[in-house]
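See below for the structure under consideration.
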Amino acid sequence: MDAHADLGEAPVTLPTFVVDCANIVQISSSCVQLLSVLSAEPLHSAAVLILFNKSDLPCTMSLVELKSLFRMDDIIRTAPQSITTLEISARSGQGLQDVLSWLFSNRSHDT
């Protein structure tokens with residue numbers, strides 16, 4: 001989630017949730033944490049960005065497999081937030097332009 005997020009204070013309007021795709025053991029824990037973040041009242045009107053990171057590593061699951069494990073289609077359909085998912089590699093830079101585009105296009109919501 002965004003480093004400036006403090007759910008006890010002013011609402012965060014552009015939260016970012018990062019999933020470590022190389023840590024398969026923690027995928028279920030990440031899903032539980034994501035559901036907890038999405039259920040937080042201050043974030044109900046937020047645009048949420050979910051990043052599947054480390055997609056460049058050979059040991060990661062495919063994006064389709066990860067989304068299936070997270071039941072991402074169900075989450076997106078039932079969550080009150082607008083949710084965007086992106087596959088990235090912070091190391092190689094893959095997908096980071098898409099992240100910047102998302103942040104730029106959603107900046108008006110961050111007031």
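The values are calculated or read from the model by the stated rules, or taken from the named source; none is laboratory data. Only a predicted model underlies this, so the values are computations on that prediction, with no experimental measurement involved. The accessibility values were calculated without ligands, DNA or RNA, using every heavy atom of the protein model including side chains. Shrake-Rupley method; radii C 1.70, N 1.55, O 1.52, S 1.80 Å.
Sort the range 14-111 into rounded, prolate or oblate with this rule: let a ≥ b ≥ c be the square roots of the eigenvalues of the Cα gyration tensor; rounded if a/c is under 1.5, and if a/c is not under 1.5, prolate when a/b is larger than b/c, oblate otherwise.
Oblate, since a/c reaches 1.5 and b/c is not below a/b.
By how many degrees, 0 to 90 and rounded to 10, does the Cα axis of helix 27-39 deviate from the longest principal axis of the chain?
So the inclination is approximately 10 degrees.
Before I look further, what does the range 16-106 give for accessible area per residue, probe 1.4 Å, in whole square angstrom?
Spelled out: the 1.4 Å probe surface of the range 16-106, per residue, equals 55 Å².
For the range 16-106, calculate the relative contact order in percent as a whole number, restricting contacts to Cα pairs under 8 Å that are 6 or more residues apart.
33
Considering only protein heavy atoms and a probe of 1.4 Å, how much of the accessible area of the range 16-106 is carbon and sulfur, as a whole percent?
Numbers: 2790 of 5000 Å².
Percent of accessible area from carbon and sulfur atoms in the range 16-106: 56.
Round to the nearest 10 and give me the degree value, 0 to 90, for the angle of helix 96-105's Cα axis relative to the longest principal axis of the chain.
Rounded to the nearest ten degrees, it is 20.
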